[in-house]
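Enquirer: Attaching a single structure in structure tokens format; questions to follow.
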Amino acid sequence: MGAAGANRKDPHLGMDMMKIITPSYPAINAVHNVFSCTLEIINEELNRGHEIVKAVMKGTATYDKLWEPTEYFIQYKNYIEIIAEAGSAVRV
């Protein structure tokens, strides 16, 4: 049974603020890591991207605007940076 089928037995299914599917196998819904404050930040960034794409479609901006660095570390006073490494691809 795939990840989607396995989630049908989850009693919290349908109570999520949004689905966040991990890009690794097995794909799982990682929404338990999202709180209303982080959902707000995600929505702000999605809306910012949407506005840029609308401007691109109008011809008043280019896609380069999407890839400009953000001021994340200035905007948010507290954050956690996690760096994960393995000795080799075999250990991953």
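Enquirer: Which residue pairs have Cβ atoms closer than 7 Å, lie 6 or more positions apart in sequence or on different chains, and pair a first residue in the range 34-61 that is not assigned by TED's automatic domain parsing to the domain that holds T22 with a second residue that is assigned to a loop (DSSP other than H, G, I, E, B) and modelled with pLDDT of 90 or more?
Expert: Pairs that qualify, where the first residue is not assigned by TED's automatic domain parsing to the domain that holds T22 and the partner is assigned to a loop (DSSP other than H, G, I, E, B) and modelled with pLDDT of 90 or more, are I52/A61; A55/A61; V56/T62.
Enquirer: Output the number of the condition that D64 fails; it satisfies all remaining conditions of (1) under 13 Å from the mean Cα position of the chain (by Cα); (2) of a type outside the set (S, T, N, Q); (3) loosely packed, with under 10 Cβ neighbours inside 10 Å.
Expert: Of (1) under 13 Å from the mean Cα position of the chain (by Cα); (2) of a type outside the set (S, T, N, Q); (3) loosely packed, with under 10 Cβ neighbours inside 10 Å, only one is false for D64: (1).
Enquirer: Same structure again: So which of A89, A27 is in contact with a strand residue (DSSP E or B) (Cβ under 6 Å, 6 or more places away or on another chain) and among the hydrophobic types (A, V, I, L, M, F, W, C)? Quick ask: steps written out before the conclusion?
Expert: Values: A89 fails: in contact with a strand residue (DSSP E or B) (Cβ under 6 Å, 6 or more places away or on another chain).
Just a single option satisfies the conditions, and that option is A27.
Enquirer: If M57 satisfies every condition in (1) at pLDDT 85 or above; (2) surrounded by 10 or more Cβ atoms within 10 Å (Cβ to Cβ) but one, which is the exception?
Expert: For M57, the failing item is (2).
Enquirer: For the list (1) modelled with pLDDT of 85 or more; (2) farther than 25 Å from Y79 by Cα; (3) exposed (fewer than 12 other Cβ atoms within 10 Å of the Cβ), I need the number of the one condition that L46 fails.
Expert: L46 satisfies every listed condition except (2).
Enquirer: Here's another thing I want to ask about it. In the range 50-77, what residues are under 27 Å from S24 (Cα atoms) and outside any helix (DSSP H, G or I)?
Expert: Scanning the range 50-77 gives E68, P69, T70.
The values are calculated or read from the model by the stated rules, or taken from the named source; none is laboratory data. This one's a predicted model, so the numbers in the text were calculated from it and none came from an experiment. Neighbour counts run over all protein chains shown; Cβ positions are idealised from the backbone, glycine included.
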